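Step one of this worksheet: look at the structure below.
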Amino acid sequence: MIRNYFYILILTTVVSACKQSETNNDLAINYESEAKEKKNLLGTKAIVYTTAEHTDKRLALDPQKTFGKAKQPLETEVAIFVNPKKQFQEFLGIGGAITDAVAEVFSTLSKAKQNELLKAYYSEEGINYNIIRTSIHSSDFGLGSHTYIEEGDKELKTFSIEKDKVKRIPMIKRAQALINDDLVFYASPWSPPAFMKSNNHMLEGGKLLPEYYQNWADYFVKFIEAYEAEGVPVWGVTIQNEPMAKQRWESCIYTAEEERDFLKNNLGPTFKNNGMGDKNIVVWDHNRDLISYRANTIFEDPEAMQYAWGIGFHWYETWTGGEPKYDNLKSIKESFPSMNLLFTEGCQEKFDPTQYERWSNAERYGNSMINDFNSGTVGWTDWNILLNEKGGPNHVQNFCFAPIHADTQNNELIYTPTYYYIGHFSKFIKPKAKRISTTMSRSNIESTSFQNPNGQIVTVVMNKTEKPIDYKLLVDGCEIRNNILPHAMQTIIY
């Protein structure tokens, strides 16, 4: 099923592009300094990277462009307008989840392939992830359900993360070692222990019983203490993964009011009382469609809001056939400007081993990332960073795609187009960058821009159409003329 030649071609492309990027990132810094002396971009260079369907371009370096004096675009022209003077949210980062399933697949690979995977995600040579999400005990992506205590131990005397220390934490620490000081590590529970729930089961929904609210808050503290004792600094937590979904896997239902009360009466004060007031608490952690009610309920309550860093969201509202609800994100950012937006999970569902190269999977990511960032999102977290050739393991057969899959029979890594599309953002946009105003004259092209702390501007452009598009990029009285291939993603650095 897997052609070794294909992998060699892909990996050669990655290595070549990354080597080129190291040289040209230095050039870009020089161009940025040169531009400051000139007061604008006139005569300076723009570096362009492209990934395109039906080509061998995968984060491939294209010919540089030179900025000339801008001219008023015609109505027949496609134009992207970037205004660095209008700055918005600060960039937190991009990453993905290391679940039990990820660690299980990782453990089957040779040491060389393990190192290749980690560098592909977490190094400057690769796509430079800095966010890691994991589950508090088990999720559906693993070999089975488990908790950190013996069933019925409400005092948490038997609390232990020994299971995580076998495969999950060692992988997390190897990834952590490649990330600089910008590591963002956070965790989410899929379900409390069965005895704490109304249905006495970790699967199929149920609710956290009120008499266990405090025990469950203490459980979060135990988790943080245990992971930090292993040398893994915890940035924060989400309160509950998908709190409005009764799933056939680990799940737990919270109404907006219940989550608000658990935050303000239990989790928030418990963190504060245990010296963890600096840990970030993210609410909701579910889809964009119902996010507004959750935000209004929690953030309108001053007692609850004081403990919240922001609100997390997924993209699965499209399961019902609807469009992504980006306007809901914009509304929350307008209504509660001090609260942060964080994309906490997304993946392409319904795994099919014949569809690794399905380009629409990557374009779903590109569309979401561009529009989520343009709606005020500060960080973006993919789901599993690695799965096997069956889209798992998953103990309830809820298989899906990942940006990289492992052919465990042949000790090979399969790089999907999604990996490269994510890389067009994560490789070049640096933590603490500021999103800057970016608009388009036509809807057949999508774009967002960030300005890195060193002054460098990164503009990402996507073409989902069947035709190449000529366009102008206009910045501060200067412009370049460029072309983007059909079904392609570009990153322009200047």
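Where a number appears in this text, it was derived from the coordinates with a stated rule and is not lab data. The shown structure was predicted, so the numbers you read here are calculated from the model rather than taken from an experiment. Note that each Cβ is placed from the backbone with ideal geometry, even for glycine, and that neighbours are counted across all protein chains shown.
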Worksheet item: residue 83 to residue 323: extension gain in nm, 0.36 nm per residue of separation minus the Cα-Cα distance?
Response: 83.6 nm
Discussion item. On a full-extension model of 0.36 nm per residue, what is the gain between residue 160 and residue 229, subtracting their alpha-carbon distance, rounded to one decimal in nm?
Written reply: 23.7 nm
Discussion item. Name the residue from 296, 424, 336 whose Cα lies farthest towards the positive end of the charge dipole of segment 93-428, charges +1 on Cβ of Lys and Arg and -1 on Cβ of Asp and Glu.
Written reply: 424
Fill in: Gain in span if fully extended, residue 72 to residue 115, counting 0.36 nm per residue against the direct Cα distance
10.5 nm
Item to complete: Scan (i) 4, 20, 30, 26, 14, 5, 1, 0; (ii) 4, 18, 27, 23, 14, 8, 4, 1, 0; (iii) 4, 18, 27, 27, 16, 6, 1, 0 for the value of P(r) over Cα pairs in 10 Å bins from 0, in percent calculated from this model and give just the label.
Response: (i)
Discussion item. Applying a 10 Å radius around every beta-carbon, put 473-485, 365-377 in order of their mean neighbour count, most first.
Written reply: 365-377, 473-485
Discussion item. Can you compute 3J(HN,Hα) from phi for each residue in segment 57-66, using the Karplus curve 6.51 cos²θ - 1.76 cosθ + 1.60 with θ = phi - 60°, rounded to whole Hz and x for Gly and Pro?
Written reply: 6, 9, 6, 8, 6, 9, x, 5, 10, 10
Item to complete: Could you size up the charge dipole of the chain around its Cα centre, putting +1 on the beta carbon of Lys and Arg and -1 on that of Asp and Glu, and report it in debye to the nearest 20?
Response: 1340
Fill in: Among 169, 142, 130 - extreme Cα towards positive end, dipole of segment 125-180, charges at beta-carbon
130
Discussion item. Need the C-alpha centroid separation for segment 248-300 versus segment 192-211, integer Å.
Written reply: 17
Fill in: Estimated inter-spin distance, residue 410 and residue 55, nm [label 7 Å along Cα→Cβ]
2.7
Worksheet item: Going 7 Å from the Cα of residue 246 in the Cα-to-Cβ direction, what parts of segment 174-191 have a backbone nitrogen less than 19 Å from that spot?
Response: 190-191
Worksheet, complete the sentence: For residue 71, the lysines lying under 26 Å Cα to Cα, once residues fewer than eight places off in the same chain are dropped, come out as 36, 38, 39, 45, 85, 86, 467, 472
Fill in: Beta bridges by DSSP in segment 145-299, antiparallel share as percent, to the nearest 5
25
Practice prompt. Please name which of 254, 235, 450 has its Cα lying farthest along the dipole of the chain towards the positive end, using unit charges on Cβ (Lys, Arg +1; Asp, Glu -1) and the Cα centre as origin.
Written response: 450
Worksheet item: Taking only C-alpha pairs under 8 Å that are 6+ residues apart, what is the relative contact order of the chain in percent?
Response: 22
Worksheet item: With each pseudo-label sitting 7 Å past Cα toward Cβ, what's the residue 209-residue 150 distance in nm, one decimal?
Response: 1.9
